[in-house]
Amino acid sequence: MDQRMLCVVTLGFGFMLLFTAFQTMGNIEQTVINSIKIDEPTFQGDGYTSLAVIYALLSISNWLTPSVLAKIGPKIAMLLGAITYCFFILTFLWPQTWLLYVASGILGAGAALIWTGQGMYLSKCSDESTISRNSGIFWAMLQMSMFFGNLLVFFLFQGKTHIDKDTRVLVFSILAGVAVIGIVFLGTLRKPNQQNVALEEDIPERQRNPRQAFISAVRLFMTKRMLQLSVTFVYTGLALSFFSGVYGASIGFTEAIGESAKQLVGLNGVFLGVGEVLGGVVFGLLGKRTSKWGRDPIVIIGFIIHIISFFLIFMNIPDAAPFGDTDAVAFFNPPIAVVAILCSFLLGLGDACFNTQIYSMLGGVFAKNSAEAFSIFKFTQSVATAISFVYSSHLGLRVQLGILLVFGILGTACFCLVEWAVKQSREMSVSERETVDTEK
């Protein structure tokens, strides 16, 4: 294992531990908040609103992060961002409505730092031949976070229709401890030996001043390729809000499933992780084989997988499920728990198809502007996620699935257009070089 691969693995461990805490938190937030309201009537927080605040601040902050990273570098940015995640989890030990939203806003700003820093750091650890592999490895390690925290929730929530205070304190304390260990891993990151040829052709990012970084981000956002990719980013944001907040809560609120409904919230997260990790392994460890097909077939496969999951969710989960406990049923009567968990797996696998190829695209094609490219990705994705969490409190499940279907079609088509344009430009470059060599 060379030094750059070691950096990727260390980065993966840090994110795996940190997001074991946070992704579990996001998966159970609405369910837990409903129980807190019963125990403490003065608490009026809303899980969907909290998540909307997080992603709204994340989207705004992403325009500032390239400037910040130009000053402090990716490692410090990731550390600062990680601390905000830990703080957010700890606030649930003392549930207050105002504190929930303040912590959500702080986390949104911190998330912009950690994700833009991660993208920049991963790009510096890679070159054109290793970016797909490294992106897949990182994604698989990151999504292993779905296993451990959600397994904890699965066992601790067993047989519970109400999440009592002692259970909540135990879960949040464990998650906060795991987040701290993740921060320690990020603190051990070393500076990679940067051998990305595309980066060497441009001004090194560490030499850019904040003003140059901001202007570069705006210019990159307005390019044809980035505008097309932004449609794909929007779809991943809508899908993220659905499977990370809405779908798990909808399973837990579907009383017709039986007494295991709340317990299945944790199992939903586990199988989301199984799908995500499987996708990361297939397109990461086997990246050299899958890269021969190109990025577009993998994204198309991901969308087909998502279509299947949307149809099964439509048939299995009632329309009113996102709003709270309901005894309504959909077309499958009663709802089938195995189908609900199968959909979790399919949502995760399809998401991995999209995200591994987006990371590969941004870290390879846009390597000269990696900080700006990843900040635009997170900005666009976060705006879509925030909007989705806002309408999740008002629109039924079927309308939400319809929105996902429309943007899924558009996002897949736009990604394929960019990938085909990249392939064409490479073929032209190779042809031109061959012509020059022949003339010589």
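Placing pseudo-labels 7 Å out from each Cα toward the beta carbon at LEU170 and LEU151 gives an inter-label distance of 1.7 nm.
Of the residues THR24, THR42, ranked by 1.4 Å probe accessible area with the largest first, the sequence reads THR42, THR24. For LEU93 and ASP2, what is the calculated FRET efficiency with R₀ set at 41 Å and r taken between the beta-carbons, to the nearest 0.05? After rounding, the FRET efficiency stands at 0.45. The GNM of the chain, with springs linking C-alpha atoms under 10 angstrom apart, assigns the highest mean-square fluctuation among GLY302, GLY258, GLY45 to GLY258.
Between ILE54, THR24, LEU122, the Cα set farthest toward the positive side of the dipole of the chain (charges on each charged residue's Cβ, about the Cα centre) is that of LEU122. Here the gap between GLN44 and SER425, fully extended at 0.36 nm per residue and compared with their Cα-Cα distance, gives a gain of 131.7 nm.
For the chain, the solvent-accessible area of protein heavy atoms averages 39 Å² per residue (probe radius 1.4 Å; ligands and nucleic acids excluded). Ranking ALA340, LEU401, HIS306 by how far each Cα lies toward the positive end of the dipole of the chain (charges on Cβ) leaves HIS306 at the top.
So what is the 222 nm mean residue ellipticity for the chain from helices alone, if each DSSP H run of at least 4 adds -39500 (n - 2.57) and you divide by all residues, rounding to the nearest 500 deg cm²/dmol? All intermediate terms of the calculation are to be shown ahead of the outcome.
Working: 17 runs with 338 residues, N = 440.
Dividing the helical sum by the residues of the chain leaves -26500 deg cm²/dmol.
Report the charge-dipole magnitude of the chain in Debye, nearest 20, computed about the Cα centre from +1 at each Lys and Arg Cβ and -1 at each Asp and Glu Cβ. Provide the component values of the computation, followed by the final result.
Working: 29 positive and 28 negative charges, 213 e Å.
That gives a dipole near 1020 debye.
Using a simple spin-label model with pseudo-atoms 7 Å out from Cα toward Cβ, ILE304 and LYS37 lie 4.2 nm apart.
Note on ALA328 and VAL9: their simple-model spin labels are 5.1 nm apart, each label 7 Å out from Cα toward Cβ.
Once you list every other residue whose beta carbon is under 14 Å from the beta carbon of ALA320, what net charge do they have if Lys and Arg are +1 and Asp and Glu are -1?
Details: positive: ARG398; negative: GLU255, ASP319, ASP325, ASP327.
Summing Lys/Arg as +1 and Asp/Glu as -1 gives -3.
What is the percent of Cα-Cα separations in the chain that go past 34 Å?
Values: 27116 of 96580 pairs.
For the chain, the share of Cα pairs beyond 34 Å comes to 28 percent.
How much accessible surface area, in Å² rounded to 10, belongs to the heavy atoms of ASP319 with a 1.4 Å probe? The accessible area of ASP319 comes to roughly 60 Å².
May I ask you to compute the full-extension gain from ILE72 to SER260, defined as 0.36 nm times their residue separation minus their alpha-carbon distance, rounded to one decimal in nm? If you can, show how the numbers build up before the last one.
Working: separation 188, 0.36 × 188 = 67.68 nm, distance 4.77 nm.
Contour length minus the Cα-Cα distance gives 62.9 nm.
The values are calculated or read from the model by the stated rules, or taken from the named source; none is laboratory data. On a predicted model such as this, the values are computed, not experimentally measured, just so you know. Cβ atoms come from the backbone with ideal geometry, glycine included; neighbour counts cover every protein chain shown. Side chains included, ligands, DNA and RNA excluded: accessible areas come from the protein's heavy atoms. Shrake-Rupley method; radii C 1.70, N 1.55, O 1.52, S 1.80 Å.
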